[in-house]
There are 2 protein chains.
Amino acid sequence: MAYVHGYSERETQRLYEQADILEDILHSGTEFPANARVLEAGCGVGAQTRLLVKRSPGAVFTCIDLSEKSLATAHRLKEQAGFRNVTFGREDLTRLSFADGTFDHIFVCFVLEHLDAPIAALQELKRVLKTGGTITVIEGDHGSCFWHPETPESVAAWKGLITAQQHLGHDPDIGRRLTPLLTEAGFRLRTCEPAWLYADRLKPALRDGMVDHIIVPMVQSAERQILSDNLVPKEVYEKGIADLSRVDRIEEGTFFYTWFKAVADKR
Amino acid sequence: MAYVHGYSERETQRLYEQADILEDILHSGTEFPANARVLEAGCGVGAQTRLLVKRSPGAVFTCIDLSEKSLATAHRLKEQAGFRNVTFGREDLTRLSFADGTFDHIFVCFVLEHLDAPIAALQELKRVLKTGGTITVIEGDHGSCFWHPETPESVAAWKGLITAQQHLGHDPDIGRRLTPLLTEAGFRLRTCEPAWLYADRLKPALRDGMVDHIIVPMVQSAERQILSDNLVPKEVYEKGIADLSRVDRIEEGTFFYTWFKAVADKR
């Protein structure tokens, strides 16, 4: 599967840091009852799995991904952290090996944005969800992102990531489409709300986390594609990364991004 | 003063409707105690004044604007609605007639985005605020706005408004700069948070209000400048307005915008 952020060690580190920085913003309100069978679809290196397990210690998680490499990393994390009630497995979201109605709840975070056919994946997830069960979907929207000071080069570098992801046939602005996607896949919507982050000099730790530990390394994870496809000229890209990093280094820097979190159920 | 939205009857109507639709989002948490002397700077037609009075019935408001025409409309509103404790007056934000330290609190909503020199205005407001008093500033950020489905024409029409405002020397993305502006003007920051609106099929009344009663008429208020300066070709603009309106007419339409609300004080 073509994945815009790749599978490097640095990217794994970014995913773990990102999950911690955004835990309150993204996981607030997501708790599953004891003994609930929960499918985490697209668990990757297990970055969100840690937080799911922490917040729902009695639930029984099945966490799946297509990437053997990511799953191996997730397995190591499980051993280090001593997770209980988690089984990792390799699955293809387009044809899951589970029987109809296997799971009580499904959790999907930062996955649909990387798929060729997100509606087909949601339909397959609906198949393995029991009637009355819920699906929780969290996706970003790169078009929601802005900062101050904004320079043409920092905007160009950011748009380079967006274009690289679009060239793979994927939608980096998918957050705004969660309710249409879930409806089209046949789910009944319960809620969909922005889960936003705004940081300025009043929240320097959050600003540092978002700029230096999430956004800049996120763009850099696609650097090879951005530069080799000449989506952004090298000197523009380099100044853009420097300008983006600077948002966290000067007093007046501000940063905004919003994810969307939707909950729907199967009738 | 060059004002991108103009002073038409339709625009007055838009401002009143906008204030009602956004009341909970923007005015939540803004209450002034009985007998507090509050300056509303840039009251325009009194659209926000109504809500200030409703939420702080015991405070004493002085509401100022540069436009005689807007003040005349605000006066009519006052008579119709039977406001008490409100005095409207014509003032220039760059040199107010009030003595130093006249007011306990200051309220500013959708004003800095239309000024040539927002920092100088904030400094003049600081002069007439007493030590220990607060300033509450609410400004939009047009760069924060996105919707689904997004067409090139709807983006072009929206960018036409942004460019028209920029051509006047004003900043339609000023929301993200509230903390730097207040700091540079010498205030001490207390809080600055996004005050966002997201609407989809789950919130059809809010989506209708935002799209049909705020955003579309807001762009149309600058239509003459957008078209006469050829910022957007006429046929692109017209399709763009139709596409924007359509966001509220189809089930799958979604819309996001965020304002920023900051509170600071004078040391």
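A few remarks follow.
- When the residues of the stretch B:92-138 are filtered to those that are in contact (Cβ under 8 Å) with a residue 24 or more places away in the chain and among the polar types (S, T, N, Q), the one that is farthest from residue B:190 (Cα to Cα) is B:94.
- Residue A:148 falls short of the stated requirement of being open to solvent by 10 Å² or more (accessible area, probe 1.4 Å), more than 23 Å from residue A:196 (Cα to Cα), of a type outside the set (S, T, N, Q) and modelled with pLDDT of 95 or more.
- When residue A:127 is tested against (1) assigned to a strand (DSSP E or B); (2) away from chain B (no Cβ under 14 Å); (3) open to solvent by 10 Å² or more (accessible area, probe 1.4 Å), just one condition goes unmet, and that condition is (1).
- Taking the criterion of being more than 9 Å from chain A (Cβ to nearest Cβ) and touching a Phe, Trp or Tyr at 6+ places or on another chain (Cβ under 7 Å), the residues of the stretch B:198-231 that qualify are B:199, B:207, B:210, B:211, B:219, B:226, B:227.
Results for (1) over 23 Å from residue A:215 (Cβ atoms); (2) in contact with a Cys (Cβ under 9 Å, 6 or more places away or on another chain), shown as yes or no for each residue.
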| site | (1), (2) |
| --- | --- |
| A:3 | no, no |
| A:20 | no, no |
| A:23 | no, no |
| A:26 | no, yes |
| A:31 | yes, no |
| A:48 | no, yes |
| A:58 | yes, no |
| A:61 | yes, yes |
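- Among the candidates A:10, A:14, residue that is part of a helix (DSSP H, G or I), open to solvent by 20 Å² or more (accessible area, probe 1.4 Å), farther than 16 Å from residue A:83 by Cα and modelled with pLDDT under 95: A:10
- The number of residues in the stretch A:17-29 being open to solvent by 20 Å² or more (accessible area, probe 1.4 Å) and not in a helix (DSSP H, G or I) comes to 2.
- Residues of the stretch A:54-84 that turn out to be within 20 Å of the chain's Cα centre (by Cα), open to solvent by less than 70 Å² (accessible area, probe 1.4 Å) and free of Cβ contacts under 8 Å to residues at least 12 places away in the same chain, as a count: 1
- The set of residues from the stretch B:151-163 being within 14 Å of another protein chain (Cβ to nearest Cβ) and open to solvent by 30 Å² or more (accessible area, probe 1.4 Å) comprises B:151, B:152, B:155, B:159.
- On inspection, residue A:87 passes the criterion of being open to solvent by 10 Å² or more (accessible area, probe 1.4 Å) and either assigned to a helix (DSSP H, G or I) or at pLDDT 95 or above (or both).
- Taking the numbered list (1) closer than 25 Å to residue B:20 by Cα; (2) under 17 Å from the mean Cα position of the chain (by Cα); (3) open to solvent by 50 Å² or more (accessible area, probe 1.4 Å) in turn, residue B:210 passes all entries but (3).
- Qualifying residue in the stretch A:30-37 (condition: more than 21 Å from residue A:217 (Cβ to Cβ), among the small types (Gly, Ala, Ser) and crowded, with 21+ Cβ neighbours inside 10 Å): no
- Per-region count, the stretch B:232-265, residues more than 14 Å from chain A (Cβ to nearest Cβ), under 28 Å from residue B:177 (Cα atoms) and surrounded by fewer than 20 Cβ atoms within 10 Å (Cβ to Cβ): 0
- Test result for residue B:50, buried (at least 19 other Cβ atoms within 10 Å of the Cβ) and over 13 Å from the mean Cα position of the chain (by Cα): yes
- Applying a threshold of 9 Å to beta carbon distances and a minimum spacing of six or more residues, or different chains, the list of pairs starting in the stretch B:31-43 at a residue that is at positive phi and ending at one that is open to solvent by 20 Å² or more (accessible area, probe 1.4 Å) and of a type in the set (Phe, Trp, Tyr) reads B:42/B:110.
- Per the conditions (1) assigned to a loop (DSSP other than H, G, I, E, B); (2) buried (at least 21 other Cβ atoms within 10 Å of the Cβ), the sole criterion not satisfied by residue A:101 is (2).
- Residue count for the stretch B:184-193 satisfying the condition of being surrounded by fewer than 19 Cβ atoms within 10 Å (Cβ to Cβ) and within 10 Å of another protein chain (Cβ to nearest Cβ): 5.
- Filtering the stretch B:164-182 to residues that are more than 7 Å from chain A (Cβ to nearest Cβ) and either open to solvent by 40 Å² or more (accessible area, probe 1.4 Å) or under 12 Å from residue A:148 (Cβ atoms) (or both) leaves B:166, B:167, B:168, B:169, B:171, B:173, B:174, B:175, B:178, B:181.
- Just one residue in the set B:64, B:106 is among the β-branched types (Val, Ile, Thr), part of a strand (DSSP E or B) and in contact with a helix residue (DSSP H, G or I) (Cβ under 8 Å, 6 or more places away or on another chain); that residue is B:106.
The values are calculated or read from the model by the stated rules, or taken from the named source; none is laboratory data. No experiment lies behind these values; they were computed from the predicted model shown. Neighbour counts run over all protein chains shown; Cβ positions are idealised from the backbone, glycine included. Ligands, DNA and RNA are stripped out before the accessible areas are found, and what is left, the full protein with its side chains, is counted by its heavy atoms. Shrake-Rupley method; radii C 1.70, N 1.55, O 1.52, S 1.80 Å.
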